[in-house]
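Please treat every number below as a calculation from the coordinates, not as lab data. If you're wondering where the values come from, they're calculated on a predicted model, not measured in any experiment.
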Amino acid sequence: MKTFSLIVFLFGLNIKFGFSQTFPNFLPGTWKVENSEKYEHWDKISENCMMGFSYEIKNGKMTVSEYLEIKKNGDEIVYSATVIGQNSGNTVGFTQTHSDTVFLFENPGHDFPKFIRYKPLSGNQIQVTVGAGENSFSFGLQKIE
């Protein structure tokens, strides 16, 4: 009976407090999309905030495609993206739902994507998956700075 009570107690703690969120501190720097001239750059602003942007280099010219932010808001970590020319210029937020070996940010109410997942493979490689169900795609990022 004591074992059963302990299991119920621990299960209750998990529901009340949720999972332990980890900030994706591996992101600061410049990352190059494999086999592409697309990049993602992140700066650590504070212990609870990172800001970044995605861009492409074409004919020697840099064109920004989206502005990014990961910020701890109270008990939540939120990934925000403002994509140039989409969503009427509004920022779309994705709440972190998993952070063990994979950092998963989700927004089930958004049309596409519904999730963004960063999976560190090594100190200088990340696999990113963006999607909504079967309409998902993945790409590798290689740290260059």
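When the chain is fully extended, how far beyond the present Cα-Cα distance does E37 get from D100, taking 0.36 nm per residue of separation? Write out the running numbers ahead of the final one.
On the way: separation 63, 0.36 × 63 = 22.68 nm, distance 2.97 nm.
Length gained, E37 through D100: 19.7 nm.
Rounded to the nearest whole Å³, what is the per residue volume of the convex hull around the Cα atoms of region 20-143? List each step's numbers first, then the result.
Values: hull volume 14.7 nm³, N = 124.
Considering the Cα atoms of region 20-143, their hull volume per residue is 119 Å³.
Hand me the tally of lysine pairs in the chain: alpha carbons under 16 angstrom apart, and the pair either on different chains or 8 or more positions apart.
Taking the Cα cut-off of 16 Å, the pair count is 11.
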